[in-house]
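Since the structure comes first, as structure tokens, the remarks are kept for the end.
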Amino acid sequence: MKNKRVNTPAEAVAGIVDGATVMVAGFGRSGVPEGLTDAICELGVKGLTVISNNSGTAKTGVARLLLEGCVEKIVCSFPRASESGVFKEMFDAGKVELELVPQGILAERIRAGGSGLAGFLTLTGVGTELAEGKQTMEVDGTEYLLEMGLRADVALIKARQVDGRGNLTYRKAARNFNPIMATAAEMVIVQAHEEVPIGALDGEHVVTPGIYVDRYCVFQQEP
Amino acid sequence: MDTQTKNERLLTRDQMAKRVAVELTDGWLVNIGIGMPTLVLPHVPKDRDVIFHSENGIVGMGPAPDDLADNDPDLLTAGKQPASLIPGGAFVHHADSFAIVRGGRLDAAVLGAFQVAENGDLANWKLLGAKGGSVGGAMDIAVGAKQVLVMMTHVTKEGDPKVVKALSYPVTARHSVTKIFTDMAVIAVTADGLVLDELAPGITADEVQAATEPKLRLSDSLKEIAV
């Protein structure tokens, strides 16, 4: 059986290169694998495209990646928020590029990307400025937007439990983008709160099967 | 009538929340937006089983815990404020959460707004001239919910109508709003235009019309909002 366990977040993110596309899970600060985002900052990579619902809370998570100059572009639904002024300041100064995506479309694009689907048709965004430049298609007299699937080089995942096969459970609403991002990247890296023996997780309760997971480390994030 | 006395007759945010809560029918699944709509939750009549959906994957969201020490960083509202899970509640991931939204499972959504047009167009995600903006789940929810209930002050801080003939703010979704709940009135969006259904106590239909850009029709059963 392949060993997926590494000892530290630094080992877990080793090999991520400049210009990579990185999905960072989480909603607000819940479900954000900050051990892994911090480790990427230490790694000092540049030019990342980050796919994430938010742009970090205070100076944590994606906000720290932005502050440390690792990010060239962010694909995001709610980048300007009261939780952090980092994105706003950098965006207004022209230091980071933004692709704004409605939240449910961001989630579905990731699901499509992880499901081998090139794209899908939706009513969300029709007639709005976020439809600009997008292909439209009429089906049975209704106009839809064509939205494309999203994949990444790397997905950073925060889990509650992991076993030696990489099977994952999540905690409450920290589940959010984690299970879908875990399906949509070439390299899926997990920060888990706790490791349990193989067989300890009931198959009925596993949310992300270990087949999706390439590497995991056990890291207990400060609240 | 001077502004001071008129302001005193406007509904408070809590009174508006109470009126919106009455609209939520037993058995409904309802999405609650950020800001003012979060006030609605505690006002739902106790004899009704209304299930609240939060976009971050909570089906059966309950109010913030009474004791601050019970706040859970993994149990938040869409606005990242403390929440709880009702007995029998469930968590789903983000794609499933929005499958609920767009898949026609939401009986209603309660959203804030900058402007509503007389044809039901909604503007609630971006201020005029803002750079970039933050859209969140607004576009999906406004398109997906069977009823979009808007809760907002009737006019801006500058006194400009927020119920308008055509949006000047960036659109969230076309033809989406079904009912508007303000500090002055309840207005239904119908195929024949806006209908003034209810008035805040002490507010006249003429005052509401003066604060509203499009022409309002008076409902045959025009009544006072119960506060």
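Can you tell me which residue is farthest from the other protein chains (Cβ to nearest Cβ) among those in the stretch B:165-182 that are open to solvent by less than 20 Å² (accessible area, probe 1.4 Å) and either in a loop (DSSP other than H, G, I, E, B) or over 20 Å from B:Met36 (Cα atoms) (or both)?
B:Thr182
Going by the conditions given, is A:Leu130 crowded, with 20+ Cβ neighbours inside 10 Å and either among the hydroxyl-bearing types (Ser, Thr, Tyr) or over 30 Å from B:Ser84 (Cα atoms) (or both)?
yes
What pairs can you find where one residue is in the stretch A:1-24 and touching a residue at least 12 places away in the same chain (Cβ under 8 Å) and closer than 14 Å to A:Leu36 by Cα, the other is part of a loop (DSSP other than H, G, I, E, B) and of a type in the set (Phe, Trp, Tyr), and their Cβ atoms are less than 9 Å apart, with a gap of 6+ or different chains?
A:Thr8/A:Phe219; A:Pro9/A:Phe219; A:Ala12/A:Phe219; A:Met23/A:Phe177; A:Val24/A:Phe177
Scan the stretch A:83-105 residue by residue and report those that are among the aliphatic types (A, V, I, L, M) and within 8 Å of another protein chain (Cβ to nearest Cβ).
A:Leu98, A:Leu100, A:Val101, A:Ile105, listed by residue number.
Evaluate the stretch B:215-227: report whether one residue or more is at pLDDT below 95 and of a type outside the set (Lys, Arg).
Yes; the residues of the stretch B:215-227 include at least one that is at pLDDT below 95 and of a type outside the set (Lys, Arg).
On the given criteria, is A:Glu138 within 30 Å of B:Arg174 (Cβ to Cβ) and either away from chain B (no Cβ under 14 Å) or among the aliphatic types (A, V, I, L, M) (or both)?
yes
Within the stretch A:143-157, can you find the residues that are in a strand (DSSP E or B) and open to solvent by 50 Å² or more (accessible area, probe 1.4 Å)?
Hits for the stretch A:143-157 are A:Glu143, A:Tyr144, A:Met148, A:Asp153.
Restricting the stretch A:158-177 to residues that are touching a residue at least 60 places away in the same chain (Cβ under 8 Å) and more than 23 Å from A:Gly28 (Cβ to Cβ), which is least open to solvent (accessible area, probe 1.4 Å)?
Only one residue tops the list, namely A:Gly166.
Could you say which residue among A:Arg64, A:Arg111, A:Arg80 is facing another protein chain (nearest Cβ under 9 Å) and modelled with pLDDT of 95 or more?
A:Arg111 is the lone residue from the list that is facing another protein chain (nearest Cβ under 9 Å) and modelled with pLDDT of 95 or more.
Keeping to the stretch B:106-147, report how many residues are in a strand (DSSP E or B) and either open to solvent by 30 Å² or more (accessible area, probe 1.4 Å) or facing chain A (nearest Cβ under 8 Å) (or both).
Of the residues in that region, 1 qualify.
Condition test on A:Thr208, is it in contact with a Pro (Cβ under 7 Å, 6 or more places away or on another chain) and facing another protein chain (nearest Cβ under 10 Å)? Reasoning before the result, please.
Details: in contact with a Pro (Cβ under 7 Å, 6 or more places away or on another chain): yes; facing another protein chain (nearest Cβ under 10 Å): yes.
Yes, satisfied.
Are any of the residues in the stretch A:25-34 touching a residue at least 60 places away in the same chain (Cβ under 8 Å), away from chain B (no Cβ under 14 Å) and crowded, with 20+ Cβ neighbours inside 10 Å?
no
The values are calculated or read from the model by the stated rules, or taken from the named source; none is laboratory data. None of these values were measured; they are calculated from a predicted model. So basically every Cβ, Gly included, is an ideal-geometry build from the backbone, and we count neighbours across all protein chains shown. All accessible areas refer to the heavy atoms of the entire protein, side chains included, with ligands and DNA or RNA removed. Shrake-Rupley method; radii C 1.70, N 1.55, O 1.52, S 1.80 Å.
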